[in-house]
1. Please report Rg (one decimal) and Dmax (integer) in Å for the Cα set of segment 1-73.
2. Of the candidates 78, 38, 57, which one comes out as most mobile in a Gaussian network treatment of the chain with C-alpha springs shorter than 10 Å?
3. Between residue 68 and residue 24, what length in nm is gained on full extension when 0.36 nm per residue of separation is reduced by their alpha carbon distance?
4. Given 0.36 nm per residue, what is the gain on full extension from residue 78 to residue 14 after removing their alpha carbon distance, in nm?
5. Among 58, 70, 45, which one shows the biggest mean-square fluctuation in a GNM of the chain, springs joining Cα atoms closer than 10 Å?
6. Say we join alpha carbon atoms closer than 10 Å with springs in a Gaussian network model of the chain; which of 30, 66, 14 then has the biggest fluctuation?
């Protein structure tokens, strides 16, 4: 093998290695971006789930409060009716 052919092969090999290094750098950057985006989306989904749970808890507490107020109102109304009836008996 001649020196010229050997030098040309080395030059070609270096060029291909440089190209491979550039492609590797691009792929690494894309992988890091994708992993970061995935983490952000997962955190957002977790926050939405937590927000939904907080809203459901607030609605449940509101329902319990309304039920308790209704029970108290019925109790007061019943007491008033008894008080009025006691006037006649």
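The numbers here are math on the coordinates, done by the rules we state, and not lab data. Only a predicted model underlies this, so the values are computations on that prediction, with no experimental measurement involved.
1. That works out to 31.4, 106 Å for Rg and Dmax.
2. Maximum among the listed residues: 78.
3. Working: separation 44, 0.36 × 44 = 15.84 nm, distance 6.58 nm.
Here the segment from residue 68 to residue 24 would lengthen by 9.3 nm.
4. Working: separation 64, 0.36 × 64 = 23.04 nm, distance 9.56 nm.
Between residue 78 and residue 14, full extension yields an extra 13.5 nm.
5. 70
6. Taking springs between Cα atoms under 10 Å, the residue moving most is 14.
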